[in-house]
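Only one structure is covered here, and it is reproduced in the block below.
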Amino acid sequence: KRYFDTNPIIAPDSSGILVFQSNRGDLSKPDIFRINFSENRTSGGVARITNDQRFNYGPTYTDSNRDVIFLSVEPNYPPARPLLSSVKLDGALPTQFQIAAQEVSHREHTKIYFTRSDEGSGKRQIYSVDPDGRLETQLVSDESFAAANCFNPVASFASPVRVLFVSDRDVDDQGRPNHNIYVMNADGSQIQQLTANGSDDILPAWSPTDPNVIYFLSNRGGAYNLWRLRLK
């Protein structure tokens, strides 16, 4: 059988634990799995850590002591929205929060960052919430971003915590919405623009070894490739 394994993520804590989503437990839906690495080789077998009727996908976590955070949706209820959910790395204590989300990033242990479409504008906006599901906060309060999509949030590993994100606030030379990368403080203050050109710059990620380096995907040059940027 051929399985669809995707969305791999490994924490920067040297534990060698990789989590990912796959349909290898049930060919009709995705679930969250884990596998261990030792010296860049797999160690042991693949373990399934979600096992219910829901579609479970988009896993993310900070380190081996934290819960895996992911999105889940009820398959038999079409109007259902994806909800933030959590589970231990051994599959224990599965929990579904009553917080709707479209993508999630739990790369900093004190907050979960996620996006959700604003009910009024329909634009995606960035929120944070405590790992226990309390103190939900909309981060970007700048009015120029309120009418734009803001997504792909990812917190830095180093302190003080900074959050990268993508927005289509600006337009290119032909007046089309243009995705650029921005950085802000963990509370949404001091937003700075990092890329500015006619390309599609998305999916930023912090370097795990250099706090002043980020990586991202861009179609500058005509095709999507991985790019590196050093921050001043």
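The values are calculated or read from the model by the stated rules, or taken from the named source; none is laboratory data. These figures come from a predicted structure and were not determined experimentally. All Cβ positions, even for glycine, are placed from backbone atoms using ideal geometry, and neighbour counts span all protein chains on display. Please note that ligands, DNA and RNA were not included when accessible areas were found on the heavy atoms of the full protein model with its side chains. Shrake-Rupley method; radii C 1.70, N 1.55, O 1.52, S 1.80 Å.
One table, with the values for the structure above:
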item: Residue satisfying all of: in the stretch 173-212; β-branched (Val, Ile, Thr) and within 18 Å of the chain's Cα centre (by Cα); most open to solvent (accessible area, probe 1.4 Å) among these; result: ILE202
item: Residue within the stretch 161-182 that is part of a strand (DSSP E or B), in contact with a Cys (Cβ under 7 Å, 6 or more places away or on another chain), of a type in the set (D, E, K, R) and without any contact (Cβ under 8 Å) to a residue 60 or more places away in the chain present; result: no
item: Test: residue in the stretch 56-63 that is touching a residue at least 12 places away in the same chain (Cβ under 8 Å), more than 13 Å from the chain's Cα centre (by Cα) and open to solvent by 60 Å² or more (accessible area, probe 1.4 Å); result: no
item: Selection within the stretch 95-130 - within 18 Å of SER159 (Cβ to Cβ) and in contact with a strand residue (DSSP E or B) (Cβ under 6 Å, 6 or more places away or on another chain); result: SER105, HIS106, ARG107, GLU108, LYS111, ILE112, TYR113, SER128
item: Pairs where the first residue, in the stretch 32-51, is free of Cβ contacts under 8 Å to residues at least 60 places away in the same chain and the second is of a type in the set (Asp, Glu) and assigned to a strand (DSSP E or B), C-beta under 7 Å, 6+ apart; result: ARG48/ASP31; THR50/ASP31; ASN51/ASP31
item: Elements of type strands (runs of 3 or more DSSP E) contained in the stretch 83-159, each with 3 or more residues being under 21 Å from ILE214 (Cα atoms); result: 103-108, 111-117, 150-155
item: Residue within the stretch 70-77 that is buried (at least 17 other Cβ atoms within 10 Å of the Cβ), aliphatic (A, V, I, L, M) and either in contact (Cβ under 8 Å) with a residue 40 or more places away in the chain or in contact with a helix residue (DSSP H, G or I) (Cβ under 7 Å, 6 or more places away or on another chain) (or both) present; result: no
item: Residue list for the stretch 186-220, restricted to those being in contact with a Lys or Arg (Cβ under 6 Å, 6 or more places away or on another chain) and not in a loop (DSSP other than H, G, I, E, B); result: VAL213, TYR215
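Residues checked against (1) exposed (fewer than 15 other Cβ atoms within 10 Å of the Cβ); (2) of a type in the set (Lys, Arg); (3) touching a His at 6+ places or on another chain (Cβ under 9 Å):
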| position | (1), (2), (3) |
| --- | --- |
| GLY120 | yes, no, no |
| ARG134 | yes, yes, no |
| PHE157 | no, no, no |
| VAL163 | no, no, no |
